[in-house]
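The structure appears right after this line, and notes come after that.
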Amino acid sequence: MEVPQPTDHHKLLTGLVGEWTYEATCEPAPGEPEITMRGRDTVRALGDLWIVVESEGGMPGGGTFTSVMTLGYDPAKGHFVGSWIGSPMAHMFIYEGHLDEQTNELPLNCEGPSMTDPSQMARYQDVIVFVDNDTRLLRSQMIGDDGVEHIFMEARYTRVKKKKPARSGVKKSRASSVRKKLGKKKSAKKKTAKKTARKPAKKKPAKKRVSKKKAKKKSAARKKPTRRKAPSKKASRRRPSRR
């Protein structure tokens, strides 16, 4: 059996893998006031061809609501396929849909119990809007027999960005090395301070006392003018000029 290779449609889905938070406005029943719900999504890949979306949040009447969505693309059928189940419902919704590449909207058509008469089946659409890598929208609507769409839930999903793992070990080692260096410097300063404190100041050699007579003689000897040597007699004799 040949394993199908992932296409751009599959890559579009696997691009949703990660953690998400959402805020949704919901109309519990036709004519009732809207309420706000918040929750969290975890999208994980099942191989290269499927994604599984696990959602958890608050319910309109209180309590916790959980759901599981599967999504994939069937190349043989030429459209997206999937399913949806929720904790307060016994019905499984089966998805089929085509991507609108101009609007980046993926309407997933399905059938389920009518909101007005649960004994009757009605048509529904869960429309996923791919805004960017970190944002997507979901619009849930019921389609009446006349083809009119009635939106009963809208949600905005925001990707939870992963924090860069702090290099705790490296930081600690760097910090510890810096502290060690500072400690060494401080200890070296302390040692030098101690050494300087311990070493006695060098005393200047005491000058020898000279008597007044000797001092006068030395000063007189310095003041005596130096006598020029008289020229020698040989040098003073002039040679007779030859006429």
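The values are calculated or read from the model by the stated rules, or taken from the named source; none is laboratory data. What you see is a predicted model; the values in this text were computed from it and never measured. Note that we place each Cβ from the backbone using ideal geometry, even for glycine, and neighbour counts take in every protein chain shown.
Would you be able to say whether some residue in the range 102-119 is farther than 27 Å from V3 by Cβ, touching a Pro at 6+ places or on another chain (Cβ under 8 Å), polar (S, T, N, Q) and surrounded by fewer than 17 Cβ atoms within 10 Å (Cβ to Cβ)?
Among the residues of the range 102-119, at least one is farther than 27 Å from V3 by Cβ, touching a Pro at 6+ places or on another chain (Cβ under 8 Å), polar (S, T, N, Q) and surrounded by fewer than 17 Cβ atoms within 10 Å (Cβ to Cβ), which makes the answer yes.
Condition check ((1) buried (at least 16 other Cβ atoms within 10 Å of the Cβ); (2) part of a loop (DSSP other than H, G, I, E, B)) across all residues:
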| position | (1), (2) |
| --- | --- |
| T36 | no, no |
| G39 | yes, no |
| T42 | no, no |
| I51 | yes, no |
| G62 | no, yes |
| S67 | yes, no |
| L71 | yes, no |
| K77 | no, yes |
| S83 | no, no |
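Filter the range 86-101 down to the residues that are among the aliphatic types (A, V, I, L, M) and either closer than 30 Å to E2 by Cα or crowded, with 16+ Cβ neighbours inside 10 Å (or both) and list them by number. M92, I94, L99, listed by residue number. When residues in the range 120-138 are screened for being among the polar types (S, T, N, Q), surrounded by fewer than 17 Cβ atoms within 10 Å (Cβ to Cβ) and closer than 27 Å to E32 by Cα, 1 of them pass.
The residue that is farthest from the chain's Cα centre (by Cα), among those in the range 89-135 that are hydroxyl-bearing (S, T, Y), over 21 Å from G78 (Cβ atoms) and outside any strand (DSSP E or B), is S119.
Looking only at the range 3-22, filter to residues that are without any contact (Cβ under 8 Å) to a residue 40 or more places away in the chain and touching a strand residue (DSSP E or B) at 6+ places or on another chain (Cβ under 7 Å); which one of those is farthest from E54 (Cα to Cα)? Residue satisfying both the conditions and the ranking: T14.
Within the group G47, G72, G78, which residue is more than 37 Å from the chain's Cα centre (by Cα) and over 20 Å from R123 (Cα atoms)?
One residue alone meets the criteria, G78.
The number of residues in the range 107-120 that are at pLDDT below 95 and either out of contact with any strand residue (DSSP E or B) (no Cβ under 7 Å at 6 or more places or on another chain) or among the hydrophobic types (A, V, I, L, M, F, W, C) (or both) comes to 6.
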